[in-house]
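K.L.:
One structure, as structure tokens, below. Some questions next.
The values are calculated or read from the model by the stated rules, or taken from the named source; none is laboratory data. This one's a predicted model, so the numbers in the text were calculated from it and none came from an experiment. Please note: Cβ atoms are built from the backbone with ideal geometry, for glycine as well, and neighbour counts cover all protein chains shown.
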Amino acid sequence: MRIILLGPAGSGKGTQGELIERHYGFPRISTGDLLRLEVQKGSELGKMVAEVMKSGRLVADELVTRVVRDRINAPDCRAGYVLDGYPRTLNQALLLEKIEGDRPETVLEIQISEEAVMERLAGRRVCPGCAAVYNINNDKVITDGRCPACGAGLVARNDDRPEVIRERFRIYRETIGPLLEHYSRKQVLFQVDGRRAVEEVFGSIRLILDNRIARSQGESRRP
């Protein structure tokens, strides 16, 4: 099963992807994390995308697809995987289907308003030591601006600046239409209200995935 999470930055895709990974055992693949790792390593690809990511613009489809292709070919993805942040355009979806066109898929769009996104991301902090993610508005364990897990000082990501958030939300709304239409035609698109509590959102996702996985397994056993 290929599970694709759609939604603007701040919609909760990462959190829900981690919950799906924990519950079903499918590895969560965040293209944002993969690209940031390339930037940190100073690789050729990392240098190419660093400036693009800082501005909030989309990285070229071919570059992102190259990273995704290498990751989903890993042994731990054979049974299934969760894509967080890819595809973002119809062209990326078509490139993905060229790589693995016969894998069953479920697409979840987590819906949320721009106002809610701004509020969430304004408080997001990451740990440069262990990569943990927190929100200073919600996490009661944050008392001194340091990571409760490893003690490193928490920082705001460059792409969480208000102007970048607004630009990313604008790009998402401008580019998502054809992608939603594509998955709707394939009858694999399901929409989830992302304004609710994390547990409630995941409860809705579980109902969808349990049904889809059971259906997929049933079809695979047919003669």
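K.L.:
Residues of segment 131-173 being in a helix (DSSP H, G or I) and surrounded by fewer than 15 Cβ atoms within 10 Å (Cβ to Cβ), which ones?
P.N.:
Those that are in a helix (DSSP H, G or I) and surrounded by fewer than 15 Cβ atoms within 10 Å (Cβ to Cβ): ASN158, PRO162, GLU163, ARG166, ARG170, ARG173.
K.L.:
For segment 96-130, give me each residue that is loosely packed, with under 14 Cβ neighbours inside 10 Å, within 23 Å of VAL64 (Cβ to Cβ) and hydrophobic (A, V, I, L, M, F, W, C).
P.N.:
Scanning segment 96-130 gives a single hit, ILE99.
K.L.:
Sticking with this one: Have a look at ALA197, ALA152 and point out the one that is at pLDDT below 95, among the small types (Gly, Ala, Ser) and in contact with a Lys or Arg (Cβ under 8 Å, 6 or more places away or on another chain).
P.N.:
Only one candidate passes the filter, namely ALA152.
K.L.:
State which residue is surrounded by the fewest Cβ atoms within 10 Å (Cβ to Cβ) when the search covers only segment 174-193 and only residues that are closer than 17 Å to LEU5 by Cβ and at pLDDT below 95.
P.N.:
Per the criteria, the residue is THR175.
K.L.:
Mind listing whichever residues of segment 115-130 are of a type outside the set (A, V, I, L, M) and free of Cβ contacts under 8 Å to residues at least 60 places away in the same chain?
P.N.:
Of everything in segment 115-130, those that are of a type outside the set (A, V, I, L, M) and free of Cβ contacts under 8 Å to residues at least 60 places away in the same chain turn out to be GLU115, GLU119, GLY123, ARG125, CYS127, PRO128, GLY129, CYS130.
K.L.:
Now for a different question. Being over 21 Å from ASP210 (Cβ atoms) and touching a Phe, Trp or Tyr at 6+ places or on another chain (Cβ under 6 Å) is true for just one of VAL59, VAL49, VAL68. Which residue is that?
P.N.:
VAL68
K.L.:
Filter segment 25-47 down to residues that are at pLDDT 80 or above, in a helix (DSSP H, G or I) and among the aliphatic types (A, V, I, L, M) and give me whichever is nearest to MET1 (Cα to Cα).
P.N.:
LEU34
K.L.:
Same structure again: Filter segment 17-48 down to the residues that are more than 20 Å from LEU96 (Cα to Cα), touching a helix residue (DSSP H, G or I) at 6+ places or on another chain (Cβ under 6 Å) and touching a residue at least 12 places away in the same chain (Cβ under 8 Å) and list them by number.
P.N.:
LEU19, GLU38, VAL39
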